[in-house]
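Asks: Got a structure for you, questions after.
The values are calculated or read from the model by the stated rules, or taken from the named source; none is laboratory data. Being a predicted model, the structure only gives us computed values, none of them experimental. Here Cβ is always computed from backbone atoms with ideal geometry, including for glycine, and neighbour counts include all displayed protein chains.
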Amino acid sequence: MDFESIKRLGLDHIGIDATTSFESFDPSTTNHTIFIHLLKLDEISCPLCGVVNDYVCTGSRSQILKYSSAVEDNISIKLYRRTFKCKSCGHNFKESNPFTEAKRSTSLHKDMKILEALKGLNLNYTSIAKRFNVSVTYVTNLFDKKVDLNRLPLPEVMCVDEVYSKRLSHHKYCFIIYSPYDRKIIDVVDSRRMNNLIDYFSRIPLAEKNNVKYFSMDLYDNYRDLAKKCFPKAIICADSFHVIKNLSQCFHRIRIHIMKKYGHLKDNNDNYYWLFKKYWKLLTKDSSKLSYKHFETRSNQWMTCREVIDYMLSIDSDLKLAYELLHEYRNFNEKATIDNASEWLDEIILKFQSSHIPEYIPAWKLLLNWRNEIINSFNRHNGYRISNGPMERANLDIKTIFRLSFGSRNFPRMRNRIMYVMNSDSPILYHRKETTNKYRGKPRGKYKKHI
Ligand SMILES: [Zn+2]
């Protein structure tokens with residue numbers, strides 16, 4: 001075997017005997033095997049009594065190992081190891097094996113490649129097992145024994161949210177703590193219930209909790225109570241996106257109401273009805289981002305988005321008012337600062353109240369209920385407004401992991417996997433852990449054998 005091939009296979013740091021070692025590749029089966037003989041060491045000591053260079057060579061033994069090089073996932077190594085007999089104590093021993101840990105047939109290099117592949121978001125244990133030609137149990141056991149991640153320290157800006165998973169947690173939701181500035185998952189908790197979370201946070205030292213300056217959340221009352229209880233020094237912020245989403249939902253109810261009101265126009269094949277049916281989405285769009293292009297409507301008119309909106313609003317005054325209020329809030333959300341937010345928001349709440357649109361009652365109630373938290377969300381940290389935006393992106397990735405796990409029930413393993421995938425610098429344990437996170441299901445009941 002020449003030096004080039006030894007280097008290509010990543011074996012150059014191992015003392016292999018190049019003259020007697022060789023590789024074989026069968027293109028029909030793509031079986032790649034390397035036959036390796038090791039260089040004889042100058043100094044061989046007996047593992048039992050420690051006497052150096054006092055032995056007789058009794059032959060050699062071969063064993064098959066699974067190996068991966070930098071470019072190839074599945075290579076077999078047939079390793080020939082000399083056997084010795086110690087002259088002073090009579091102990092039989094073999095040459096050391098530089099590829100694997102004791103009593104294992106998969107090389108450390110391959111294990112590392114499997115662990116590296118497990119960082120992939122779009123791969124599950126089964127697909128990795130297939131790729132590396134090992135069993136699924138091998139991959140999960142390796143992961144459990146080499147990856148065991150602790151909670152990260154609480155950050156200054158902390159986002160919380162939940163992700164639905166029917167089977168993974170007893171309470172159907174996993175609670176996620178996220179740091180938007182490091183883009184890291186701080187921890188995953190298997191319940192979003194108040195008492196479980198209070199219990200969870202009570203185990204964190206007070207000094208660490210006091211470090212949290214901003215607590216960002218969606219509009220869920222429980223989390224606000226939780227923040228007040230567990231993080232008395234933190235400023236609670238409501239995520240602006242969720243506020244707008246709620247207001248838009250109220251606006252949709254008004255739109256549907258208007259649609260029904262003008263339902264009779266459908267029979268007359270009126271232009272207004274069809275325009276409204278097709279282009280109502282323009283009403284919820286950010287008006288500064290509307291396109292200026294003309295497009296052809298059903299009645300062969302050429303109109304811009306702005307003209308369509310104006311036409312829609314011109315028919316119904318309630319709709320016009322509702323539209324203006326929604327966009328006034330959007331404008332406030334974009335342009336307000338921490339200094340003028342409180343006054344501006346009060347003004348808007350008053351306008352919502354005095355509009356007397358029944359569908360907007362939940363909207364102003366929501367704004368009133370979350371007034372302080374909405375104002376707080378205009379605070380800036382490192383130049384960025386406090387928001388759950390980065391976390392929503394991370395949640396999408398978490399949902400991908402959930403989806404690819406096909407209803408896994410193993411929460412500890414899933415928690416490790418999420419943090420391992422999402423936090424780029426998550427460490428691997430130096431030593432293998434003794435236990436795995438194998439899911440203990442119900443014991444199997446009695447069964448009748450077929451006769
Ligand atoms: Zn000995």
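Asks: Do you know which residues across the stretch 239-264 are of a type outside the set (Asp, Glu) and part of a loop (DSSP other than H, G, I, E, B)?
Replies: Tyr262, Gly263
Asks: Which of the residues belonging to the stretch 82-108 are surrounded by 18 or more Cβ atoms within 10 Å (Cβ to Cβ) and either away from the ligand (no atom under 16 Å from the Cβ) or not assigned by TED's automatic domain parsing to the domain that holds Ser24 (or both)?
Replies: Phe99, Thr100, Thr106, Ser107
Asks: Name the pairs: first residue in the stretch 388-407 and modelled with pLDDT of 85 or more, second residue among the basic types (Lys, Arg), Cβ to Cβ under 8 Å, at least 6 apart or on different chains?
Replies: Cβ pairs passing all conditions: Pro390/Arg183; Ala394/Arg183; Ile401/Arg417.
Asks: In the stretch 190-207, is there at least one residue being assigned to a loop (DSSP other than H, G, I, E, B) and in contact with an Asp or Glu (Cβ under 7 Å, 6 or more places away or on another chain)?
Replies: Looking for residues that are assigned to a loop (DSSP other than H, G, I, E, B) and in contact with an Asp or Glu (Cβ under 7 Å, 6 or more places away or on another chain), one finds at least one in the stretch 190-207, hence yes.
To keep it simple, each residue is scored yes or no on (1) within 16 Å of the ligand (Cβ to nearest atom); (2) aliphatic (A, V, I, L, M); (3) closer than 22 Å to Lys113 by Cβ.
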residue: Arg8; (1), (2), (3): no, no, yes
residue: His13; (1), (2), (3): no, no, yes
residue: His32; (1), (2), (3): no, no, yes
residue: Lys40; (1), (2), (3): no, no, no
residue: Ser45; (1), (2), (3): yes, no, no
residue: Gly50; (1), (2), (3): yes, no, no
residue: Ser62; (1), (2), (3): no, no, no
residue: Tyr67; (1), (2), (3): no, no, yes
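Asks: Confirm whether Cys57 is buried (at least 16 other Cβ atoms within 10 Å of the Cβ) and at pLDDT 85 or above.
Replies: No; evaluated as a whole, the condition is false for this residue.
Asks: Is it fair to say Phe402 is of a type outside the set (Ser, Thr, Tyr) and on the phi > 0 side of the Ramachandran plot?
Replies: Criteria not met by Phe402.
Asks: Need the failing condition index for Val56 against (1) part of a helix (DSSP H, G or I); (2) within 16 Å of the ligand (Cβ to nearest atom), just the number.
Replies: Status for Val56: all satisfied but (1).
Asks: Next up: Of the residues in the stretch 419-435, how many are of a type in the set (Val, Ile, Thr) and more than 14 Å from the chain's Cα centre (by Cα)?
Replies: 2
Asks: Cβ-Cβ under 7 Å, sequence separation 6+ or interchain: first residue in the stretch 328-344 and small (Gly, Ala, Ser), partner at pLDDT 85 or above. Which pairs?
Replies: Ala336/Trp344; Ala336/Phe378; Ala341/Ile375; Ala341/Phe378; Ser342/Ile375
Asks: Do you know which of the residues in the stretch 284-327 that are more than 25 Å from Lys245 (Cα to Cα) and surrounded by 14 or more Cβ atoms within 10 Å (Cβ to Cβ) is modelled with the lowest pLDDT?
Replies: Looking at residues that are more than 25 Å from Lys245 (Cα to Cα) and surrounded by 14 or more Cβ atoms within 10 Å (Cβ to Cβ), I get Thr297.
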